[in-house]
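Notes follow the structure.
The values are calculated or read from the model by the stated rules, or taken from the named source; none is laboratory data. In this text, all values refer to a predicted model and were calculated from it rather than measured experimentally. Cβ atoms come from the backbone with ideal geometry, glycine included; neighbour counts cover every protein chain shown.
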């Protein structure tokens, strides 16, 4: 695993040393793992970047997406054709820095219009050292990912030698089996909300989004956020009423440390809520395997049905791994609470006889529809019930 | 909940004749609803008085009533049929109002009919301005400060309290009729009076004007289980103050952050869920304060609308079709996505392109009309451009307008100075976006433009600035040296070849086309698939763009194919009738075993519904776009007879390129269109015609006028609906008419006919297959000659002409059809004076009256004509059984009330926006007698 971060550093070093020309929009090149080469124009920082290629179909909320830690290690295709129109704004972030490794779009806008914005997307990406490419047929790329599956890619506005880019690309590790959560987790614990609150939630940060924490704090909770590899003993010392297992990047399967933490929490019979990676970890902790999806779900329009209420919700999603549907269906101790209406994938589970539940999608939904925020209400309610 | 099986028969109410504010989008929604219900095995009974609609075709419903939209008609239908439920949400405001009236009179209850989709309480809450306001306040949704006035005095009092500027909004009116802004005290009296009068319950809302706020619309679907999805978010280019039907609109929203969007989405969902009993499509409008990002609710329409038709075309999500299923009990999650056929209908479409809608106005038809855009809708039609950027989409929309725009810009027209332009764009008018571009060309700052236009978002102006920058770059070159990269860039931003040539002032578009084609700069076609390519879609709905790599998703099939050219935006003289013809043409082509390909750019139509043709290209009916489709598809031929003058105009170039025109040949069509050649032919055939001559300038015109004898008809050649046609009685008037005409259409060949005063007019629609001739119908106009045939009440069959006259007309028609070697349709107009029959003109194509005759006689004439054009059938293959008892009257319907101060004056230039059909048993019918008495009343000049 150390090798991987070293590799990324190497790429970043290349990026810093690259020539920072002021020429209006120089060429940028995108090379995919399948060998295809695509030309476009440079945007953001001039340099080279690599990662796993994925696409997001959302039409709003680019800044939230770019700063979402779950995108760590990925290069994202923005399907909506204009990105950057309303600039950037401090409140619209999910973490303090841009987490995507690179951006591919049809039109990235330097000029923006929003009176409450603080700056342009271009300046923001430059400040965050993000390499982007525009003028690309993003629709064709999406179709490629759809049919051929997730693959790695390299974007460069600094290197023009295709063979050199292909060599660099070959060094990029596969997302399958890659543990990334600890890379984006907080280094030391921090707290949010009212310390006097009677609802105390311990959050294990595998790349938690800011708005997830806000959704809990808004509902009156006092939240303490722990680093990914926190020991269960340390967690226990907080005397939490509920535990939250966060979202995050990478493959959940190699996260043994996290799986055992979840198992320990469950033994304590404490209320537990997991989102996305947290959902996958809850499944793994209960003997359900996860798998790498063909190309994942990323967008703001995924239809989910709540099987308990019969109501539907439009959800925000961002995951490249999923829980094995057959294993869940065959597991007597697990109740399926939510399913995806498009492909019937498992979207939510509840552990029978335990106050533990999780969803694959993002109920905090930033960006995205707020249909699923009721899950935070349920979490708080379960915590209260658990206390009585 | 699954389908409600107690509903076995449903009455769908249509929207009646086309008027401003209520156009063919309701044919689209009604047609979809009817098909959607019949798919479920439900018997559909339909009422609509508009004969030019697809929805009223026998193939669409189990029983169709072409009756006036009145409670009496409804009762008649309920007497004759067992009807379980009525669906009033598909026919616009007209249908909702009729459903409400019937409810008030207890009609539904009496016959045990349930209202589905919406209940009366919900309609009231949404449509009554005051109830809406109170409701919003209860819900905690912000609205503009307002008060309801039921009298002039109250109105004045409230205006004083609220302060200027303010808005007057009458309750229960259509397309904002009677509403308006009041900037100061002086304007108040008139605005109040007009508003109070326009409202059927004489009630107006006096409201603070939120000028300068941004306007957004959300199209939603809600099912009975309270599931709600937002199908489309539309942003208005024009800030608050211009009716959304008159605004340039863009989807998806371009300047809306996720926080802003979710605020609107949450608010809209709250409104929908609180609306009451409702299952179907709905539209909610918001205004957003750009400084604070707070929003207020403007209105909610609990029915499908013009916007939902646009949203359906913009996203590929068939709102009306799904709304109809929701009305009979289905939940969204029980239905499938109609485009992918593999995913759920419960989802929110994601777009990977931009659409721009531009309205089409016809102010030239309403002399003296105030062309300022405001609360009351004034446009007659609209176009939609699809592209992979705003710039591309907006320029494609401009190319679709059919008003000589070749992109965002008219070239060669006199330029205003910067100061004039800044002054001009302060007031919203039809050409404001063109003038904004002119202003940017002259270096006026984006700041200034945003300010003087009261808040057009800068983002749109930045985008137009991109177009301006490219245009300035292009202007530096000639055809020989323009760099390929620049051509590529220009094409990606939507510039047409013709536009580039005009900017360079060099070369012909064909030359530029060949140059870029050789360099591989060609269109790639992309699919409208609702999901941004996330899922594989099977729906053949395409638009063009220019992409690096040029990956084309429209694969040519091996089948023999025929392209049908649509008629573009609705306008006076060319409306829904031609869409009716195109749809039937497509169906006939499919039946004949060919692949049917549609090209059109009007989002309101049935022809652009993705499952009518085998393949739909949503593209401007503009040479360059058509030609690239022809090159890709290599069709057997192109049908131009069905899409009105728009399609016909392209015949010459297709012919020159060696593309087969299906049906009548180009040359023969040209004879009919060219007055000189046509008259020579008539002379040869010994058919009388009014004396005529042609002229290119005033002197010639006066000479001709004197030769043929006054009064004379002065008109330009190759025009639509008698555009700029005048009847004049002396030299002075001839001069005036010719000068005005040449000013608008420089270089036009002017036609001058002797006008047959006080004569009768009649017309014949017929089909000829090369051997046999069939008269579809002979129609006699109630009004005397001098009133455009489109504005005349036409009676089928003739009621007053002698058998000899009718036989003569039929005889002449056949002679002309034979001489022109017609294959397919022809319409011939006659004047009858003192028993003598004169031929006025011949149209070698589907006419405005073809659908009317098909409906009156219940014969699928368009289907038959198309098969004859294709050569797959002869007339002798069909049986013609004309089922008509008594007479059918085609009544023109006008929209003069949208233009205060404009009188209803009729003449040789067409003014009506739509038509209705009325069946009468005999000539003693009181309605007919009244029409007959009034026949000369409105004739002016």
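Each row is one residue, and each column tells you yes or no for (1) in contact with a helix residue (DSSP H, G or I) (Cβ under 7 Å, 6 or more places away or on another chain); (2) surrounded by fewer than 17 Cβ atoms within 10 Å (Cβ to Cβ); (3) touching a residue at least 40 places away in the same chain (Cβ under 8 Å).
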site	(1), (2), (3)
B:129	no, no, yes
B:132	yes, no, yes
B:136	no, no, yes
B:157	no, yes, no
B:169	yes, no, yes
B:189	no, yes, no
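Only one entry of A:188, A:197 meets the criterion of being under 24 Å from the mean Cα position of the chain (by Cα) and surrounded by fewer than 19 Cβ atoms within 10 Å (Cβ to Cβ), and that entry is A:188. The test for being in contact with a helix residue (DSSP H, G or I) (Cβ under 7 Å, 6 or more places away or on another chain), within 14 Å of chain A (Cβ to nearest Cβ) and either more than 27 Å from residue B:239 (Cα to Cα) or modelled with pLDDT under 95 (or both) does not hold for residue B:308. Checked against the criterion of being crowded, with 23+ Cβ neighbours inside 10 Å, out of contact with any helix residue (DSSP H, G or I) (no Cβ under 6 Å at 6 or more places or on another chain) and under 22 Å from residue B:645 (Cα atoms), region B:795-810 has no qualifying residue.
So that you can scan it fast, the table gives a plain yes or no per residue for (1) assigned to a loop (DSSP other than H, G, I, E, B); (2) in contact with a helix residue (DSSP H, G or I) (Cβ under 7 Å, 6 or more places away or on another chain); (3) not assigned by TED's automatic domain parsing to the domain that holds residue B:579:
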{"residue": "B:364", "(1), (2), (3)": "no, no, yes"}
{"residue": "B:372", "(1), (2), (3)": "yes, no, yes"}
{"residue": "B:377", "(1), (2), (3)": "yes, yes, yes"}
{"residue": "B:391", "(1), (2), (3)": "no, yes, yes"}
{"residue": "B:396", "(1), (2), (3)": "no, no, yes"}
{"residue": "B:415", "(1), (2), (3)": "yes, yes, yes"}
{"residue": "B:419", "(1), (2), (3)": "no, no, yes"}
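Go through region B:75-93 and give me each residue that's more than 19 Å from residue B:8 (Cβ to Cβ) and either in the same structural domain as residue B:301 (by TED's automatic domain parsing) or surrounded by 15 or more Cβ atoms within 10 Å (Cβ to Cβ) (or both). Residues satisfying the conditions are B:75, B:89, B:91, B:92, B:93. Among the conditions (1) farther than 25 Å from residue B:356 by Cα; (2) free of Cβ contacts under 8 Å to residues at least 60 places away in the same chain; (3) assigned to a loop (DSSP other than H, G, I, E, B), the only one that residue B:663 does not satisfy is (2). Out of region B:229-245, which residues are away from every other protein chain (no Cβ under 13 Å), more than 20 Å from residue B:451 (Cα to Cα) and at pLDDT 95 or above? Matches in region B:229-245: none. Only one of the numbered conditions (1) more than 28 Å from residue B:866 (Cβ to Cβ); (2) assigned to a helix (DSSP H, G or I); (3) free of Cβ contacts under 8 Å to residues at least 40 places away in the same chain is violated by residue B:705, and that is (3).
Only one of the numbered conditions (1) modelled with pLDDT under 90; (2) part of a loop (DSSP other than H, G, I, E, B) is not met by residue B:226, and that is (1). Do you know which of the residues in region B:338-350 that are in contact (Cβ under 8 Å) with a residue 40 or more places away in the chain and either more than 10 Å from chain A (Cβ to nearest Cβ) or farther than 16 Å from residue B:219 by Cβ (or both) is surrounded by the most Cβ atoms within 10 Å (Cβ to Cβ)? Among residues in region B:338-350 that are in contact (Cβ under 8 Å) with a residue 40 or more places away in the chain and either more than 10 Å from chain A (Cβ to nearest Cβ) or farther than 16 Å from residue B:219 by Cβ (or both), the one surrounded by the most Cβ atoms within 10 Å (Cβ to Cβ) is B:339. Looking at residue B:96, is it in the same structural domain as residue B:27 (by TED's automatic domain parsing), surrounded by fewer than 21 Cβ atoms within 10 Å (Cβ to Cβ) and in contact (Cβ under 8 Å) with a residue 12 or more places away in the chain? Criteria not met by residue B:96.
In summary, helices (runs of 4 or more DSSP H) completely within region B:445-518 and bearing 3 or more residues that are under 23 Å from residue B:550 (Cα atoms) occur at B:458-474, B:484-492, B:497-504, B:509-518.
Assess whether residue B:733 counts as being surrounded by fewer than 16 Cβ atoms within 10 Å (Cβ to Cβ) and part of a helix (DSSP H, G or I). In short, no.
For the residues B:578, B:542, the requirement of being part of a helix (DSSP H, G or I), within 23 Å of the chain's Cα centre (by Cα) and either within 14 Å of another protein chain (Cβ to nearest Cβ) or touching a residue at least 40 places away in the same chain (Cβ under 8 Å) (or both) singles out B:578.
Please find, within region A:346-388, the residue that is farthest from the chain's Cα centre (by Cα) out of those that are farther than 15 Å from residue A:241 by Cβ, free of Cβ contacts under 8 Å to residues at least 60 places away in the same chain and surrounded by fewer than 20 Cβ atoms within 10 Å (Cβ to Cβ). Among them, the one singled out is A:353. Here residue A:26 clears all of (1) touching a residue at least 24 places away in the same chain (Cβ under 8 Å); (2) under 30 Å from residue B:235 (Cβ atoms); (3) within 14 Å of another protein chain (Cβ to nearest Cβ) except the condition numbered (2).
With respect to the conditions (1) in the same structural domain as residue B:706 (by TED's automatic domain parsing); (2) in contact with a helix residue (DSSP H, G or I) (Cβ under 9 Å, 6 or more places away or on another chain); (3) within 26 Å of residue B:571 (Cα to Cα), residue B:779 lacks only one, and its number is (1).
Selection within region A:233-269: residues that are more than 26 Å from residue A:322 (Cβ to Cβ) and surrounded by 15 or more Cβ atoms within 10 Å (Cβ to Cβ). The member of this set that is nearest to the chain's Cα centre (by Cα) is A:235. For region B:545-568, a residue qualifies if it is assigned to a loop (DSSP other than H, G, I, E, B) and within 14 Å of chain A (Cβ to nearest Cβ), and the qualifying residues are B:546, B:547, B:548, B:549, B:550, B:551, B:552, B:553, B:554, B:555.
The criterion of being in contact with a strand residue (DSSP E or B) (Cβ under 7 Å, 6 or more places away or on another chain) and farther than 19 Å from residue B:613 by Cβ does not hold for residue B:501.
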